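Only the coordinates and a few stated rules stand behind these numbers; no lab work does. Quick caveat: nothing in here was measured; it's all calculated off a predicted structure. Glycine gets a Cβ as well: all are built from the backbone with ideal geometry, and neighbour counts include every protein chain shown.
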Amino acid sequence: CKMTFINKDAQIIAGDTVETSGLGENYPGNIALGKVVQIVSDSAGVSQYAIVEPYADLKNLKQVIVLKR
């Protein structure tokens with residue numbers, strides 16, 4: 001997976017966990033989605049993007065349920 005539009009000054013390194021923020025109110029916060037495996041600067045040097053290895057096996061994912069408290 002590719003996580004785009006990351007600020008060039010963001011302190012992100014390989015091995016970091018990617019999780020939901022909960023800010024958009026569509027998903028609860030702190031749901032772990034995957035692990036950063038690579039950081040790449042864009043060609044203009046304005047932003048960067050991350051290659052993320054998802055924790056879920058997306059090729060075999062058939063159903064998802066989100067439970068709220």
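Structure notes:
- Partner lysines for residue 62 [C-alpha distance under 30 Å; skip if fewer than 8 residues away on the same chain]: 2, 35
- With both labels modelled 7 Å from their Cα along Cα-to-Cβ, the residue 8 to residue 59 distance reads 3.7 nm.
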